[in-house]
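Accompanying notes for the structure given below.
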Amino acid sequence: MTSLPLGRVVERERRALRDRVYDRILEMLLKGEVESGTRLSPESMAKLLDVSPTPVREAMVQLERTGLVTREALRGYRVAPPLDERQLAELYEARIMLETAATRGAAAEAAKVVPALRRAHERHRLASEAVVEAHGYGDVPIELTHDYFRADTDFHLVPLEHLGNRYIRGMYDDLGALTHRMRQLALRGPDDVHEAVAEHAAILAAFESGDEEACVHAMRAHIENARDRSLRHGTD
């Protein structure tokens, strides 16, 4: 059994550490643990995460691509402010272009996609029921909010994962991180939750029918409706 050269082992460990740091900072941003405008210096984050500044700097470069943080010359990074109305509209325009293309590709083999889509829809439906129930008692706990939007994201990932294009998936991840953080800031009422679940059900039904155009239409309608709800409420 041959072992990897020392240089390759070190590089693999370095990348693994960078990825862990990236995931932890991303989690902090998505859960709202740091507010918009907060300065994120590599040195202070390194102390918080008990790592050296190098993997933090590398993670910040990746996070800047998602729009979650912004870089200031000679001053490090800051948590990006919420999207304004124009930026929000552009974000959804990008999602429509990306997701309808992925949906069309996945719909060509709809029968293979349906089982995973059904499972994802059921998880999202159950998460929505928990959110609606909690809403009736007052504020929705952050854990339920996170679970709901995680289930929502998982549903949208099904066509993308079936497509199997790493570059399209990477673009979606960048958009998805920004979208996820914006909507984590405020969970809207039960009506919006019910509408989202119904729209996912329509997408599932289109895939079950095997009608490629119906799949694309249902996905486009869902994202356009989500955009309209976001613009109406001033957040996503």
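The values are calculated or read from the model by the stated rules, or taken from the named source; none is laboratory data. In this text, all values refer to a predicted model and were calculated from it rather than measured experimentally. Virtual Cβ from ideal backbone geometry, glycine too; neighbours counted across all protein chains shown. Remember, those area values only see protein heavy atoms, side chains included, never the ligands or the DNA or RNA. Shrake-Rupley method; radii C 1.70, N 1.55, O 1.52, S 1.80 Å.
Please report the carbon-and-sulfur percent of the accessible area for the chain; probe 1.4 Å, protein heavy atoms only, DNA, RNA and ligands left out.
On the way: 6700 of 12830 Å².
Roughly 52 percent, rounded to a whole number.
If every alpha-carbon in the stretch 6-100 counts as one equal scatterer, what log10 I(q)/I(0) does Debye give at q = 0.13, 0.16, 0.17, 0.21 1/Å?
Each listed q maps to, in turn, -0.52, -0.73, -0.80, -1.05.
Put +1 on the Cβ of each Lys and Arg and -1 on the Cβ of each Asp and Glu in the chain; which of GLY37, ALA116, GLY136 then has its Cα farthest toward the positive end of the dipole?
The Cα lying farthest towards the positive end belongs to GLY37.
Using 0.36 nm per residue, how much length does the chain from LEU48 to ARG75 gain when fully extended, once their Cα-Cα distance is taken away? Show your work: numbers first, answer last.
Working: separation 27, 0.36 × 27 = 9.72 nm, distance 1.85 nm.
Full extension of this stretch gives 7.9 nm more.
Using the crude model of +1 on Lys and Arg Cβ and -1 on Asp and Glu Cβ, and no other charge, please compute the dipole size for the stretch 6-48 relative to its Cα centre, in debye to 20. Please report the intermediate quantities before stating the final value.
Values: 10 positive and 8 negative charges, 46 e Å.
Result for the stretch 6-48 is approximately 220 debye, rounded to the nearest 20.
Taking Cα atoms, how many degrees apart are the long axis of helix 190-209 and the longest axis of the chain, rounded to 10 and kept between 0 and 90?
Compared with the principal axis, the helix lies near 70 degrees.
What whole-number value in Å² describes the accessible area per residue of the stretch 1-146 for a 1.4 Å probe? Before the final figure, lay out the partial values.
Details: 8880 Å² over 146 residues.
Per residue, the stretch 1-146 has an accessible area of 61 Å².
On C-alpha positions alone, give me the angle between the axis of helix 85-107 and the longest principal axis of the chain, in degrees, nearest 10.
70
Can you tell me the 0 to 90 degree angle between the C-alpha axis of helix 110-135 and the longest principal axis of the chain, rounded to 10?
Roughly 80 degrees, rounded to the nearest 10.
When the helix-only estimate is applied to the chain (DSSP H runs of n ≥ 4, each -39,500 (n - 2.57), divided by the residue count), what is the mean residue ellipticity at 222 nm, nearest 500 deg cm²/dmol? List each step's numbers first, then the result.
On the way: 9 runs with 179 residues, N = 236.
So the calculated ellipticity at 222 nm is -26000 deg cm²/dmol.
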